[in-house]
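Asker: First the structure, then my questions, so here it is.
None of the figures in this text is laboratory data; all of them are computed from the coordinates on show. These numbers were taken from a predicted model, which means no experiment stands behind them. Because the Cβ atoms are built from the backbone with ideal geometry, glycine has one as well, and the counts that use them run over all protein chains shown.
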Amino acid sequence: MQKSRPTQNKRARERARQEKQQGKAARRLEVKARKASSPSSAGDEDPDIAGIVPGPQPSPWGDLDDEPETSDENETDTEI
């Protein structure tokens, strides 16, 4: 026959869970208050996209002259 040990363990777990939830709630309120009191940095630019302008971007490898150019020399014109 088991004693009331499982009930005591369950109560201890439930108490620990409640304390953890209260700690989380306190941290959330603290972060919320800290964000509200700090000045907003809406004018700051995202460092990942700093300096990028809309439109075609320059090649990171520079302009390579090794690319073949298309010309009309390879085409043959025959008139009938």
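Asker: Taking the Cβ-Cβ separation of Leu29 and Gln57 as r and a Förster radius of 41 Å, what is the calculated FRET efficiency to the nearest 0.05?
Answerer: Numbers: r = 44 Å, r/R0 = 1.08.
It comes out at approximately 0.40.
Asker: Another question, if that's okay. In whole Hz, with x marking every Gly and Pro, tabulate ³J(HN,Hα) for the stretch 19-27 from phi via Karplus 6.51 cos²θ - 1.76 cosθ + 1.60, θ = phi - 60°.
Answerer: Coupling constants for the stretch 19-27: 5, 5, 5, 5, x, 5, 4, 5, 5 Hz.
Asker: So how far apart, in nm, are the two label points at Glu45 and Arg15 if each is 7 Å from Cα heading toward Cβ?
Answerer: 5.7
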